[in-house]
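Asker: Mind looking over this structure? Questions follow.
The values are calculated or read from the model by the stated rules, or taken from the named source; none is laboratory data. Computed from a predicted model, the values in this text were never measured in an experiment. Cβ coordinates were reconstructed from backbone atoms using ideal geometry, including for glycine residues, and neighbour counts include every protein chain displayed. Only protein heavy atoms, including side chains, enter the accessible area calculation; ligands, DNA and RNA are left aside. Shrake-Rupley method; radii C 1.70, N 1.55, O 1.52, S 1.80 Å.
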Amino acid sequence: MDLKARSYLLRNREALERDIKISYIMDHMITDGVLTLLEEEKVKAETTQRERAAMLVKLILAKDDYAYISFYNALVHEGYKDLAALLQDGIPIISPYNGKNSMDGETSYVKTVLCEGGVPQRPVVFVTRPELAKRIQEKLHKLKSDPGWVVVYGMAGCGKSVLAAEALRDHSLLKDCFPGGVHWVSVGKQDKAGLLMKLQNLCLRLDQDFTYSQRPPLNIEEAKDRLRSLLLRKYPGSLLVLDDIWDPWVLKAFDSQFQILITSRDRSVTDSVTGKKYKVPVESGLTHEKALEILSLFVNMEITELPEKADSIVRECKGSPLVVSLIGALLRDFPNRWEYYLKQLQNKQFKRIRKSSSYDYEALDEAMSISVEMLPENFKDYYRDLSVLQKDVKVPSKVFCILWDMETEEVEDILQEFINKSLLFCDRNGKSFHYYLHDLQLDFLTEKNHDTT
Ligand SMILES: Nc1ncnc2c1ncn2[C@@H]1O[C@H](COP(=O)(O)OP(=O)(O)O)[C@@H](O)[C@H]1O
Ligand SMILES: [Mg+2]
């Protein structure tokens with residue numbers, strides 16, 4: 001590490017060790033590829049918060065300039081403005097010609113636009129799927145000066161939402177095509193009342209200072225009109241992302257010559273709306289190599305070092321990124337269980353009868369069951385309680401404080417345990433955390449609860 005950077009860390013060590021809570025900081029650093037999962041374990045093994053922070057600082061001191069920058073960015077993101085300010089002058093200058101860690105066009109401009117637009121962050125373990133992301137970007141470019149719809153479709157859990165978000169992490173795309181910004185809406189399966197609520201929330205988001213109206217729209221027609229004037233006048237040149245559309249009728253409310261990106265399981269979802277349509281299939285699932293890469297990232301091994309069984313496990317996961325991630329999270333905790341999990345997947349030990357017999361559901365159910373079975377007994381109960389979450393609604397930790405009658409920190413620790421196992425997902429904007437389940441997981445939980453009561 002650059003000498004100046006190092007001295008800034010040493011000089012401010014005391015304040016850093018005293019004040020930071022490390023787990024979310026480490027998530028950022030892992031995402032940036034400057035901290036390994038093993039190192040994370042090592043930090044977490046310390047007893048007190050202060051000792052954990054001290055261990056993290058010690059590890060960073062032994063690393064390169066990128067680690068310093070990643071740490072600094074993590075502090076900024078997690079709302080530690082004062083601490084970040086202490087380190088700011090020590091930020092090393094890195095030659096732009098060094099290709100390492102170039103953030104795929106993810107500049108601070110991109111970060112700001114996506115954060116403001118509610119675009120979800122990358123999952124902690126993440127692999128790129130450049131061809132697919134590029135295909136989405138090519139279609140998005142066609143919306144530059146023309147309204148229209150880009151539809152990303154494919155089966156549940158195949159990575160559509162992650163890909164849609166990834167395609168947007170591109171400076172020139174945002175700057176050239178969508179200077180008005182991006183607005184991400186998780187739609188999901190809705191009835192009329194549900195859709196109206198989504199529309200009201202969106203209008204509120206777009207008109208926080210109430211320039212256009214003092215009250216929320218009362219019905220879908222009014223909401224449609226309001227949305228049109230807001231988007232066309234207040235946010236011209238912006239992209240609306242409608243994530244996980246189930247029913248074509250929902251799109252009528254958005255059929256006003258906007259620029260829209262949709263994810264859906266249904267390729268014909270835009271058949272009855274007007275305007276140009278561009279479709280991107282995500283049919284193939286992960287390649288064998290990419291699935292192995294996910295496993296290798298979870299267990300922190302080179303792909304070539306993975307045991308033989310890894311190939312068979314990947315085959316049983318049938319290319320579903322969601323299933324691979326669930327198994328990967330299990331293997332991270334129990335690195336000797338390759339054979340065991342493979343057998344469980346093969347024996348379909350957890351197979352349950354389902355309305356839908358499509359194979360992705362089966363594979364998912366098995367993976368989910370295994371993950372939940374491995375939780376400590378009391379955590380199983382907490383996890384079951386997550387069925388109070390509603391589809392496509394992200395809830396803050398407060399909700400669980402009330403439900404479980406606990407302090408925020410306790411709740412966050414429990415939920416973090418689930419996140420580590422890919423059993424729950426979290427969006428972080430500065431200091432506020434919002435938790436959500438993949439809707440397949442919610443289906444699974446709801447049914448499970450039904451079976452036992
Ligand atoms: N590129 C990726 N790298 C790593 N994991 C991924 C990737 N894409 C998807 N996943 C995993 O699969 C899960 C489901 O992905 P998601 O995009 O939500 O699926 P969909 O929207 O198609 O239902 C994610 O939460 C994540 O755990
Ligand atoms: Mg999705």
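Asker: Considering the dipole of the stretch 111-281 built from charges on the beta carbon (Lys and Arg +1, Asp and Glu -1) around the Cα centre, which of S264, P281, G157 is farthest to its positive end?
Answerer: Checked the options; the winner is P281.
Asker: OK, next. Can you say what percent of the DSSP beta bridges in the chain, counting only those with both residues inside, are antiparallel? Round to 5.
Answerer: 25
Asker: Projected onto the charge dipole of the stretch 1-69 (+1 at Lys/Arg Cβ, -1 at Asp/Glu Cβ, origin at the Cα centre), which of I20, A67, L10 gives the Cα projection farthest towards the positive end?
Answerer: Result: L10, furthest along the dipole toward the positive end.
Asker: How many nm separate the modelled label positions at T211 and R265, each set 7 Å beyond the Cα in the direction of the Cβ?
Answerer: With each label point 7 Å from Cα toward Cβ, the separation is 4.0 nm.
Asker: Quick check: from the Cα gyration tensor, does the stretch 151-231 come out rounded (a/c under 1.5), prolate or oblate?
Answerer: It is oblate, given that a/c is not under 1.5 and a/b is not larger than b/c.
Asker: Now, a different point. Can you list which of the trypsin sites (Lys or Arg not before Pro) found in the stretch 8-89 are DSSP loop residues with at most 14 other C-beta atoms within 10 Å?
Answerer: K21
Asker: Could the peptides 397-407, 167-177, 283-293 be put in order, highest first, of the mean number of other beta-carbon atoms found within 10 Å of their residues?
Answerer: Top of the packing list down: 167-177, 283-293, 397-407.
Asker: Once both labels are modelled 7 Å past Cα along the beta-carbon direction, what's the S172-S229 spacing in nm?
Answerer: Each label point lies 7 Å from its Cα, and together they span 3.9 nm.
Asker: Measure up K63/K111; K81/K175; K81/K144; K111/K391; K21/K198; K44/K139 against 32 Å on the Cα-Cα distance and list the ones that go over.
Answerer: K81/K144; K21/K198; K44/K139
Asker: Quote to one decimal, in nm, the extra length available between K134 and W246 on full extension: 0.36 nm per residue of separation minus the C-alpha distance between them.
Answerer: Full extension of this stretch gives 37.9 nm more.
Asker: With charges only on Cβ, +1 for K and R and -1 for D and E, what is the dipole size of the stretch 111-281 about its Cα centre, in debye, rounded to 20?
Answerer: 280
Asker: Sticking with this one: Using amide H atoms built 1.01 Å from N in the peptide plane, name the residues 5+ places from F433, or on other chains, whose amide H lies under 5 Å from its own.
Answerer: S397
Asker: What shape does the stretch 111-281 take by its C-alpha gyration tensor, where a ≥ b ≥ c are the square roots of the eigenvalues and a/c under 1.5 counts as rounded, a/b above b/c as prolate, and the rest as oblate?
Answerer: prolate
Asker: Taking R0 as 45 Å, what's the FRET efficiency between M301 and I93 from their Cβ-Cβ distance, rounded to 0.05?
Answerer: Given R0 = 45 Å and the Cβ-Cβ separation, E is 0.85.
Asker: Taking all pairs of different Cα atoms in the stretch 375-452, averaging 1/r and flipping that mean, what Kirkwood radius in angstroms comes out?
Answerer: Its Kirkwood hydrodynamic radius stands at 12.7 Å.
Asker: Additional query: Taking the Cα centre of the chain as origin, work out the dipole magnitude from +1 charges on Lys and Arg Cβ and -1 charges on Asp and Glu Cβ, in debye rounded to 20.
Answerer: So the magnitude is around 1240 debye.
Asker: Reachable lysines from K318, Cα under 21 Å, same-chain residues fewer than 8 places away excluded?
Answerer: K160, K290, K309, K343, K348, K351, K355, K421
Asker: With point charges of +1 on the Cβ of Lys and Arg and -1 on the Cβ of Asp and Glu, referenced to the Cα centre of the chain, which listed residue (N347, L424, P335) lies farthest in the positive direction of the dipole?
Answerer: After comparing all options, I get L424.
Asker: Within the stretch 210-247, what residues put their amide N at less than 11 Å from the label point 7 Å along the Cα-to-Cβ vector of Q257?
Answerer: Backbone N within reach: 232.
Asker: Restrict the search to the stretch 22-80; then list the GluC sites (Glu not before Pro) that DSSP places in a loop and that have at most 15 other Cβ atoms within 10 Å of their Cβ.
Answerer: E46
Asker: Using heavy-atom solvent-accessible surface (probe 1.4 Å) with all chains present, what is the largest-first order of H183, H28?
Answerer: Sorted by accessible area, descending: H28, H183.
Asker: Another question, if that's okay. Using 1/(1 + (r/R0)^6) with R0 = 35 angstrom and r between the beta carbons of R428 and K42, what's the FRET efficiency to the nearest 0.05?
Answerer: 0.95
Asker: What distance in nm separates the simple spin-label points at E222 and E116, each placed 7 Å from Cα in the Cβ direction?
Answerer: 2.9
Asker: Taking the Cα centre of the stretch 3-93 as origin and charging only Cβ (+1 Lys, Arg; -1 Asp, Glu), how large is the dipole, in debye to the nearest 20?
Answerer: Roughly 260 debye for the stretch 3-93.
Asker: Here's another thing I want to ask about it. So what does log10 I(q)/I(0) come out to for the stretch 3-93 at q = 0.13, 0.17, 0.18 Å⁻¹, using the Debye formula with one equal point on every Cα and no solvent?
Answerer: Those come out to -0.35, -0.62, -0.70, one per q.
Asker: Right, here's the next one. If one computes the Cα centroid of the stretch 172-251 and of the stretch 1-26, what distance in Å separates the two points?
Answerer: 41
Asker: Compute the relative contact order of the chain as a whole-number percentage, counting only Cα pairs closer than 8 Å that sit 6 or more residues apart in sequence.
Answerer: Result for the chain is 14 percent.
Asker: Turning to a different aspect of this structure: Is the shape of the stretch 140-189 best called rounded, prolate or oblate, per the rule: a/c under 1.5 gives rounded, else a/b larger than b/c gives prolate, else oblate, with a ≥ b ≥ c the square roots of the Cα gyration tensor eigenvalues?
Answerer: Here the stretch 140-189 falls in the prolate category.
Asker: Still on this structure, please answer the following. Considering every Cα-Cα pair within the chain, what fraction, in whole percent, is farther apart than 38 Å?
Answerer: Tail of the P(r) past 38 Å holds 26 percent of the pairs.
Asker: So, counting K/R as plus one and D/E as minus one, what does the shell of residues with Cβ under 12 Å around K192 add up to?
Answerer: Summing Lys and Arg as +1 and Asp and Glu as -1 gives -1.
Asker: When only Cα pairs under 8 Å and 6 or more residues apart are kept, what is the percent relative contact order across the stretch 375-452?
Answerer: Answer for the stretch 375-452 is 35 percent.
Asker: How do the peptides 329-336, 315-322, 370-377, 117-124 rank, highest first, by the average count of neighbouring beta carbon atoms within 10 Å per residue?
Answerer: Highest to lowest by the protection proxy: 315-322, 117-124, 329-336, 370-377.
Asker: If you don't mind, there's one more thing I want to ask. Please turn the phi angles of the stretch 277-291 into ³J(HN,Hα) values with the Karplus equation 6.51 cos²θ - 1.76 cosθ + 1.60 (θ = phi - 60°), one per residue in order, whole Hz, x for glycine and proline.
Answerer: For the stretch 277-291, the Karplus-derived couplings read 10, 10, 10, 10, x, 10, 8, 6, x, 6, 6, 3, 4, 5, 5 Hz, x marking Gly and Pro.
Asker: Now for a different question. Give the lysines whose C-alpha is closer than 16 Å to that of K234, dropping any in the same chain fewer than 8 places away, or say none.
Answerer: Result set, ordered by chain and number: K224.
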